[in-house]
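Q: The structure's right below; bear with me while I get my questions together.
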Amino acid sequence: MLYCSGPLRSSYRKRWEVNQVVFDKNLQRVIDALSDGVYITDGNGVTVTINKAYERMTGLSKHRLIGMHMSEVVKAGYISRSVSLEVIKELDAVTIIQTIGDDHKIFVSGTPMFDERGRIEYVVTTARDITELLKAKHKEEQLDQLLKLKELYGKSALNGDNQGTFIISRNTKACYDLAKKVATSNAKVLIQGETGTGKTLLANTIHKFSKACDGPFIELNCSAMPESLLEAELFGYVPGAFTGASAKGHIGLLEAANNGTLFLDEIGDLPLSLQVKLLKVIAENRFIPVGGTDFKNVNFRLISATHHNLRQLVETKLFREDLLYRLNVVPIHLPPLRDRRDEIVPLLEHYIQYFNRVYELDCHWHQEVFEQLDRYDWPGNIRELINLTERLVVTADQPLITIEQLPAEFKLESSFIGEKRALKSQVEALEQRLIDEAIKECGTTRAAAKLLGIDQSTLVKKQKRWRNGKL
């Protein structure tokens, strides 16, 4: 640290010695007993004394400061600015925030003491350490940003109350079995499949069975925003990083996903420039926010998904081969809904019940609707099924949703319908006859169900449906 010497120092020292004789020694004992820091100068800005609390708070020594002019104290780098000099200039009380050293902040209020002639005799400054308070406020702002990010990016159309217990068919069971098996490791998973097949739900399942299940699940769709905004959203930025940037900066999703899972959906649409940066994050577990100079360390489970063929994108130079190898440690392919037809009817039943709860209705499907939709190819997969169900529920004129209410693209050829309906009628007629005969022979529905090898509840439901005329 710099220390004043020479004639200037000698002049200030003599002036301080005169003031010190006048200064009441008992007052020093009083200010030393205060918990707030106290700094006193004379009317010219020469340091008279400081108390012990100020010494503890700033790490500055009283014996080094007394006799120094406040301009020297600032020039020496002990404090960032002098409130005493501003009080002398303004002839009034002044409050500022000073920086001690690199990042130590203190809240100081300087008050002038005038003599009988109206001249400033002393400037008494009180100081309070607000370093921890500002750090706490910064952390609170960061936490608020994190919560907002998690609220915004921690949800998905296929992950929430509308999904409930997912219906898994034989074709998807292998996918979920593999997902649960690798969930406890840190291996990166690449989920491939058509749009709407439930890739987000599978990623969320991996998260729930992983060691990071108590951490956040952050989802980002890489095709949902332009490159410049995508980089800021993913990496975050420091205050003033670019025109229009928040003065407080912005926490990126990489940091928000720390100690949790980051799910990058549609990774095939990630721009090449960001692929390079993501590759570096994966390799080093750290990154630099936009406009920043310091690294931030992160630790998260990375799951990615795409409907593209990434190997074809590599061949056309639209995707980095080294990034593909990093991401594709455990590949999982979700088949389309047309290859999982045993899921269609259970999904239709699940979602009509869900939308019944949402809209406080009591809709149900006619059996012929199942026959129609079971034959449909579902190019939009589960998402298309969800949207169709909601559309039919909110537009229904009666509780029973029939084949006539289906949009034109979901209807089959009439000749096929006639054949299908005739076959179904014959099957149901045979079922009804066998159940009636079993009940007559056994006397109870429970015994009849046991004889036929079905659940009693199934038998009762069939009887009820036939009584209501739904053949």
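Q: Being more than 16 Å from Y351 (Cα to Cα), modelled with pLDDT under 90 and under 39 Å from the mean Cα position of the chain (by Cα) narrows it down to one of E428, E409, so name that one. Talk me through it step by step, then tell me what you get.
A: Numbers: E428 fails: under 39 Å from the mean Cα position of the chain (by Cα).
One residue alone meets the criteria, E409.
Q: I would also like to ask the following. Can you tell me which residue within the range 247-280, out of those that are surrounded by fewer than 21 Cβ atoms within 10 Å (Cβ to Cβ) and without any contact (Cβ under 8 Å) to a residue 40 or more places away in the chain, is nearest to A212 (Cα to Cα)?
A: K280
Q: Taking the residues in the range 358-381 that are buried (at least 17 other Cβ atoms within 10 Å of the Cβ) and assigned to a loop (DSSP other than H, G, I, E, B) as candidates, determine which candidate is nearest to the chain's Cα centre (by Cα).
A: Top of the filtered list is G380.
Q: Right, next: State whether one or more residues within the range 308-321 are outside any loop (DSSP other than H, G, I, E, B) and within 21 Å of K181 (Cα to Cα). If you could, list the steps in order and put the result at the bottom.
A: Within the range 308-321, the subset outside any loop (DSSP other than H, G, I, E, B) is 310-315, 321.
Narrowing further to those that are within 21 Å of K181 (Cα to Cα): none.
Within the range 308-321, none of the residues are outside any loop (DSSP other than H, G, I, E, B) and within 21 Å of K181 (Cα to Cα).
Q: How many residues does the range 385-401 hold that are in contact (Cβ under 8 Å) with a residue 24 or more places away in the chain, surrounded by fewer than 16 Cβ atoms within 10 Å (Cβ to Cβ) and not hydrophobic (A, V, I, L, M, F, W, C)?
A: 1
Q: Test S185 against the stated conditions and say whether it is modelled with pLDDT of 90 or more, among the polar types (S, T, N, Q) and under 20 Å from R56 (Cβ atoms). Give the steps one after another, and end with the answer.
A: Numbers: modelled with pLDDT of 90 or more: yes; among the polar types (S, T, N, Q): yes; under 20 Å from R56 (Cβ atoms): no.
The answer is no for S185.
Q: While we're here: Taking L302, is it of a type in the set (A, V, I, L, M) and modelled with pLDDT under 95? Write out each step before concluding.
A: On the way: of a type in the set (A, V, I, L, M): yes; modelled with pLDDT under 95: no.
Taking the combined requirement at face value, the residue does not satisfy it.
Q: Of the residues in the range 328-357, how many are buried (at least 19 other Cβ atoms within 10 Å of the Cβ) and of a type in the set (K, R)?
A: 1
Q: Taking the stated definitions as given, is E384 assigned by TED's automatic domain parsing to the domain that holds F410, part of a helix (DSSP H, G or I) and either under 30 Å from K411 (Cβ atoms) or under 29 Å from the mean Cα position of the chain (by Cα) (or both)? Write out each step before concluding.
A: Numbers: assigned by TED's automatic domain parsing to the domain that holds F410: yes; part of a helix (DSSP H, G or I): yes; either under 30 Å from K411 (Cβ atoms) or under 29 Å from the mean Cα position of the chain (by Cα) (or both): yes.
Judged against the criteria, E384 is a match.
Q: Right, here's the next one. Is it true that some residue in the range 3-26 is buried (at least 17 other Cβ atoms within 10 Å of the Cβ) and at pLDDT 85 or above?
A: No, there is no match, as no residue in the range 3-26 is buried (at least 17 other Cβ atoms within 10 Å of the Cβ) and at pLDDT 85 or above.
The values are calculated or read from the model by the stated rules, or taken from the named source; none is laboratory data. Because the structure is predicted, anything quoted here is derived from the model rather than measured. Heads up, the Cβs are rebuilt from the backbone with ideal geometry, glycines too, and the neighbour counts pull from every protein chain shown.
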